[in-house]
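Have a look at the structure below before the remarks.
The values are calculated or read from the model by the stated rules, or taken from the named source; none is laboratory data. No experiment lies behind these values; they were computed from the predicted model shown. With ideal geometry, Cβ positions are generated from the backbone for all residues, glycine too; neighbour counts draw on all protein chains shown. Surface areas here come from the heavy atoms of the whole protein model, side chains and all, with no ligands, DNA or RNA. Shrake-Rupley method; radii C 1.70, N 1.55, O 1.52, S 1.80 Å.
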Amino acid sequence: MSGSYSAQPGHLYGVGLGPGDAGLITLRGADIIRTADVIAYHAGTHGRSTARSIAAELIDARDDAAVEEQLQYPVTTGRPADYREQLAGFYAEATARLHKHLAEGRSVAVLSLGDPMLYSSYQHLHHALSEDFPTEIVPGVASITAAAAEIGQPLGEATEIVSVVPATADSARIAAVLDASDCVVIMKLGKNVEKVRTALQAAGMLERAYVVERATMNEHTSYPLADADPENVPYFAVSVVPSAVYGTKRSVSGVPSPADDAATGAATDTATESATPAVGEVVVVGLGPGAERWTTPEVTEELARATDLVGYSTYINRVPERTGQRRHLSDNRVEAERATMALDIAKRGGRVAVVSSGDPGVFAMAAAVLEVADDDMWRDIPVRVVPGMTAAQAVASRVGAPLGHDFAMLSLSDRLKPWEVVVKRVRAVAGADMAFAVYNPASKSRRWQIRELRALAMEYREPTTPVIVARAVGSEQENVTVTTLAEFDPDVVDMRTMVIIGSSSTKAYRAGKTTRVYTARHYGEGGTSGTGELLR
């Protein structure tokens, strides 16, 4: 219970604050911060302290003001000729200041980002003071586990080896660590992006490596290391290569399938792994585009029957939890690995539901599962696909019938196909005068493609062609706008947006306060592009 601990006179405390979110400070750590006579924290040359800002609410709410000792580094970037001498002098001065407080009977809490005993500045003070004064370490949530939580993937499973290495280590040491490990966390990425990227590429790990910046803080973000801009990655960013069970097709010796229980009725061990359980099945289901009411009864039934759910974390989190049902969440970029995992669980007897948003056969998991299953080791496993409402249908319904005649659905992502192919297909559809729905139009790192799409469409369509911009359809954040190709702003598009561009026979008009859009079922007079009174 908070408040049951207090700092003792003359004691040194290394208090782990966790990676950034003040809500992750432990109860024990909070009590020490509230009661210590002296609060010490490191700061950069600019005088600002991230540690102080994380604990600010606890420090400022105290009834009695603590003595604050700011330990300001003389240098934080670069390596001047006298770098070692400057740091040695800094730590000697900091140690002397804290030694004086402790010798006079004051308790001293040194705030530490993450955990005090993991790549921490506190460690220098601990070594210098712990022989003379009683010391207590208050553990904190490490950036290692915070980074794994940020990407929503296991850091390590079963017999996998997890290693931690600083990016500042030389290339040979990093290569040796990668060679001996299944999962890796690389600290202090900063200006070492290219060195780390090269090492991960050589080790065959780059495809499942991520960069995590400012985990748990308000401005947190994560993205594939392959896409990282070396000039803009912060020094304290972390690279994570998560569990090989999720992130690669290679097998991990001795890793039991979570479906073994379902196949045998009891937990298995390595002595029974040679037994062949009954083959299960894989059912690929579509939840629909967002609203629970758009999930079909058939899909709901399949989800209830499944022993295991496999899918992108955002989609699995839409499915109610069921006692005894195992949930295998992963990032949205590892479709083939998810398919492999699902087939492997089914091979061991599990009934697996692979969860997609929308319809699983439209830019989703059905194709990925069937592609991986096209292999001798998986062909005996039953695979079924259960349809769902597409995002294109849902968006179209919000404004009427913009897909009421011939139409196409395109993905603007060039992750799995060259951009030249995307352009070729956009030109073909635009030239054929079909309305088309655009999936995956943009992401945080992929912004120029949607601008290029607008430019391409302008070559074939009139400026007054109706364009529907729909964000988060079916959710509480739903926002649907009808505009024209000329006035369409690509910068409003994000990962949760779908764009529908009309044809020459698509018309938008007002009916009271409602905007209606339809694509005529015929060509000829009355079927040309127009916006009626809506946008004139």
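Considering only residues that are within 28 Å of the chain's Cα centre (by Cα) and assigned to a loop (DSSP other than H, G, I, E, B), look in the range 493-505 and name the one that is modelled with the lowest pLDDT. Before the answer, list the steps.
Just the residues of the range 493-505 that are within 28 Å of the chain's Cα centre (by Cα), to begin with: 493-500.
Next, from what is left, pick out any that are assigned to a loop (DSSP other than H, G, I, E, B): 493-496.
Values: Val493: 93, Asp494: 89, Met495: 83, Arg496: 88.
Among those residues, the one meeting the criterion is Met495.
Please give the number of the condition His328 fails out of (1) assigned to a strand (DSSP E or B); (2) modelled with pLDDT of 95 or more.
Of (1) assigned to a strand (DSSP E or B); (2) modelled with pLDDT of 95 or more, only one is false for His328: (2).
Identify, by number, the condition in (1) at negative phi; (2) touching a residue at least 40 places away in the same chain (Cβ under 8 Å) that Ala367 doesn't meet.
(2)
Please verify whether Gly14 is open to solvent by less than 60 Å² (accessible area, probe 1.4 Å), part of a loop (DSSP other than H, G, I, E, B) and touching a strand residue (DSSP E or B) at 6+ places or on another chain (Cβ under 9 Å), treating the condition exactly as stated. Full working, then the answer.
On the way: open to solvent by less than 60 Å² (accessible area, probe 1.4 Å): yes; part of a loop (DSSP other than H, G, I, E, B): no; touching a strand residue (DSSP E or B) at 6+ places or on another chain (Cβ under 9 Å): yes.
Spelling it out, it is not the case that Gly14 is open to solvent by less than 60 Å² (accessible area, probe 1.4 Å), part of a loop (DSSP other than H, G, I, E, B) and touching a strand residue (DSSP E or B) at 6+ places or on another chain (Cβ under 9 Å).
Within the range 436-492, how many residues are part of a helix (DSSP H, G or I) and open to solvent by 10 Å² or more (accessible area, probe 1.4 Å)?
Qualifying residue count for the region: 11.
Looking only at the range 344-365, which residues are in a helix (DSSP H, G or I), touching a Ser or Thr at 6+ places or on another chain (Cβ under 7 Å) and either open to solvent by 20 Å² or more (accessible area, probe 1.4 Å) or within 30 Å of Ala408 (Cβ to Cβ) (or both)?
Scanning the range 344-365 gives Asp344, Met365.
Give me the residue from the range 138-192 that is in a helix (DSSP H, G or I) and acidic (Asp, Glu) and, out of that set, farthest from His328 (Cα to Cα).
Asp179
Cβ-Cβ below 7 Å, separation at least six or inter-chain, first residue in the range 507-527 and open to solvent by 40 Å² or more (accessible area, probe 1.4 Å) and in a strand (DSSP E or B), second at pLDDT 90 or above and of a type in the set (D, E, K, R): which pairs?
Tyr509/Arg516; Tyr518/Lys507
Report yes if some residue within the range 392-402 is farther than 15 Å from Val469 by Cα and surrounded by 20 or more Cβ atoms within 10 Å (Cβ to Cβ); otherwise report no.
Initial filter on the range 392-402 (farther than 15 Å from Val469 by Cα): none.
No, that holds for no residue.
Has the range 92-106 got at least one residue that is out of contact with any strand residue (DSSP E or B) (no Cβ under 7 Å at 6 or more places or on another chain), part of a helix (DSSP H, G or I), farther than 23 Å from Thr35 by Cα and open to solvent by 30 Å² or more (accessible area, probe 1.4 Å)?
Yes, because at least one residue in the range 92-106 is out of contact with any strand residue (DSSP E or B) (no Cβ under 7 Å at 6 or more places or on another chain), part of a helix (DSSP H, G or I), farther than 23 Å from Thr35 by Cα and open to solvent by 30 Å² or more (accessible area, probe 1.4 Å).
So, Val352, is that one at pLDDT 95 or above and touching a strand residue (DSSP E or B) at 6+ places or on another chain (Cβ under 7 Å) or not? Spell out the reasoning first.
Numbers: at pLDDT 95 or above: yes; touching a strand residue (DSSP E or B) at 6+ places or on another chain (Cβ under 7 Å): yes.
Taking the combined requirement at face value, the residue satisfies it.
Report, ordered by the first and then the second residue, all pairs with beta carbons closer than 6 Å, sequence separation of six or more or different chains, a first member in the range 388-410 that is farther than 21 Å from Val355 by Cα, and a second member that is open to solvent by 40 Å² or more (accessible area, probe 1.4 Å) and in a strand (DSSP E or B).
Within 6 Å, the pairs are Arg398/Val480; Gly400/Arg516; Gly400/Tyr518; Ala401/Tyr518; Gly404/Tyr518.
Have a look at His46, His42 and point out the one that is open to solvent by 50 Å² or more (accessible area, probe 1.4 Å) and either outside any loop (DSSP other than H, G, I, E, B) or within 22 Å of Pro19 (Cβ to Cβ) (or both).
Result of the check over His46, His42: His46.
Is it true that some residue in the range 407-418 is open to solvent by less than 10 Å² (accessible area, probe 1.4 Å), at pLDDT 95 or above and under 27 Å from Ser503 (Cα atoms)?
No, because not a single residue in the range 407-418 is open to solvent by less than 10 Å² (accessible area, probe 1.4 Å), at pLDDT 95 or above and under 27 Å from Ser503 (Cα atoms).
Suppose we keep only residues that are of a type in the set (A, V, I, L, M) and touching a strand residue (DSSP E or B) at 6+ places or on another chain (Cβ under 7 Å) within the range 107-122. Which one would you say is surrounded by the most Cβ atoms within 10 Å (Cβ to Cβ)?
Here the answer is Leu111.
Every residue, every condition in (1) crowded, with 22+ Cβ neighbours inside 10 Å; (2) under 15 Å from Ala391 (Cβ atoms); (3) among the β-branched types (Val, Ile, Thr), yes or no:
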residue	(1), (2), (3)
Gly290	yes, yes, no
Leu309	yes, no, no
Arg327	no, no, no
Ser330	yes, no, no
Ala342	yes, no, no
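If Thr26 satisfies every condition in (1) open to solvent by 20 Å² or more (accessible area, probe 1.4 Å); (2) within 23 Å of Ala103 (Cα to Cα); (3) of a type in the set (Ser, Thr, Tyr) but one, which is the exception?
Going through (1) open to solvent by 20 Å² or more (accessible area, probe 1.4 Å); (2) within 23 Å of Ala103 (Cα to Cα); (3) of a type in the set (Ser, Thr, Tyr) one by one, Thr26 breaks only (2).
So which pairs qualify, if the first residue must be in the range 313-327 and without any contact (Cβ under 8 Å) to a residue 24 or more places away in the chain, the second must be assigned to a loop (DSSP other than H, G, I, E, B) and open to solvent by 70 Å² or more (accessible area, probe 1.4 Å), the Cβ gap must be under 9 Å, and the two must be at least 6 apart or on different chains?
Filtered contacts from the range 313-327: Arg327/Asn317; Arg327/Glu321.
Hey, can you tell me all the residues within the range 367-421 that are aliphatic (A, V, I, L, M), assigned to a loop (DSSP other than H, G, I, E, B) and over 28 Å from Thr300 (Cβ atoms)?
Met377, Leu412, Leu416 - these are the residues of the range 367-421 that are aliphatic (A, V, I, L, M), assigned to a loop (DSSP other than H, G, I, E, B) and over 28 Å from Thr300 (Cβ atoms).
Restricting attention to the range 311-325, and to residues there that are of a type in the set (S, T, N, Q) and over 17 Å from Met495 (Cβ atoms), which single residue is surrounded by the most Cβ atoms within 10 Å (Cβ to Cβ)?
Going through the qualifying residues, I end up with Gln325.
I'd like to check something: does the range 52-72 contain any residue that is of a type in the set (D, E, K, R), open to solvent by less than 70 Å² (accessible area, probe 1.4 Å) and part of a helix (DSSP H, G or I)?
Checked the range 52-72: at least one residue is of a type in the set (D, E, K, R), open to solvent by less than 70 Å² (accessible area, probe 1.4 Å) and part of a helix (DSSP H, G or I).
In the range 32-73, what residues are in contact with a strand residue (DSSP E or B) (Cβ under 9 Å, 6 or more places away or on another chain), farther than 14 Å from Tyr122 by Cα and among the acidic types (Asp, Glu)?
Asp37, Glu68
Under 6 Å between Cβ atoms, at least 6 apart or on separate chains: pull out the pairs that start in the range 190-212 with a residue that is among the polar types (S, T, N, Q) and end on any residue that is modelled with pLDDT of 90 or more.
From residues that are among the polar types (S, T, N, Q), the pairs are Asn192/Ala167.
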